[in-house]
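Novice: Structure in structure tokens, see below.
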Amino acid sequence: MRKMPRFFLAAGLVLLCQFVSSAAFGQEDPYKDLLGKWDVQTEDGQYTFVWTFVLDKGALAGTSVSASGEFKMENLKYENGKVTFLVNVGAGGQTMPIQFSAVIEGDALRGGLSLQYGEANIVGKKKK
């Protein structure tokens, strides 16, 4: 068996690693546009939120901060540029669920929130 020169072996390994990483993990990070902090408000500006999206051990996680406090995002999903999640605002047995959904377009988002008292449109910008 003929020995392969080290240069070709090294080049082959580099190409193999690039192929495996792009094939196994996708060409792009699917959460790239979402991750980070967002300033969000109802369209009338009456209610404001700061959303933070992170990867925690490879899983998408997030928090929502408002005048009511900081709350963990539950049932958080991000697919095809649309993020949805639930926040239970309050403490103990006195919580109120708020469902959020928004479409991400670059550094902007537009969507809505829904709670027991009604619905409202929301808009937001990603913090730099």
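The values are calculated or read from the model by the stated rules, or taken from the named source; none is laboratory data. All of these numbers come straight from a predicted model, not from anything done at the bench. Every residue, glycine among them, receives a Cβ derived from its backbone with ideal geometry; neighbour counts consider all protein chains shown.
Novice: If a residue must be on the phi > 0 side of the Ramachandran plot, at pLDDT below 95 and in contact with a strand residue (DSSP E or B) (Cβ under 8 Å, 6 or more places away or on another chain), how many such residues does the range 79-105 contain?
Specialist: Of the residues in that region, 1 qualify.
Novice: If you take the residues in the range 70-93 that are small (Gly, Ala, Ser) and either farther than 19 Å from LYS37 by Cβ or exposed (fewer than 11 other Cβ atoms within 10 Å of the Cβ) (or both), which one is nearest to the chain's Cα centre (by Cα)?
Specialist: Only one residue tops the list, namely GLY90.
Novice: Taking the stated definitions as given, is GLU43 more than 14 Å from LEU109 (Cα to Cα), over 12 Å from the mean Cα position of the chain (by Cα) and among the acidic types (Asp, Glu)?
Specialist: Spelling it out, it is not the case that GLU43 is more than 14 Å from LEU109 (Cα to Cα), over 12 Å from the mean Cα position of the chain (by Cα) and among the acidic types (Asp, Glu).
Novice: Follow-up. If I filter the range 39-57 for residues that are surrounded by 14 or more Cβ atoms within 10 Å (Cβ to Cβ), assigned to a loop (DSSP other than H, G, I, E, B) and of a type in the set (A, V, I, L, M, F, W, C), do I get at least one hit?
Specialist: no
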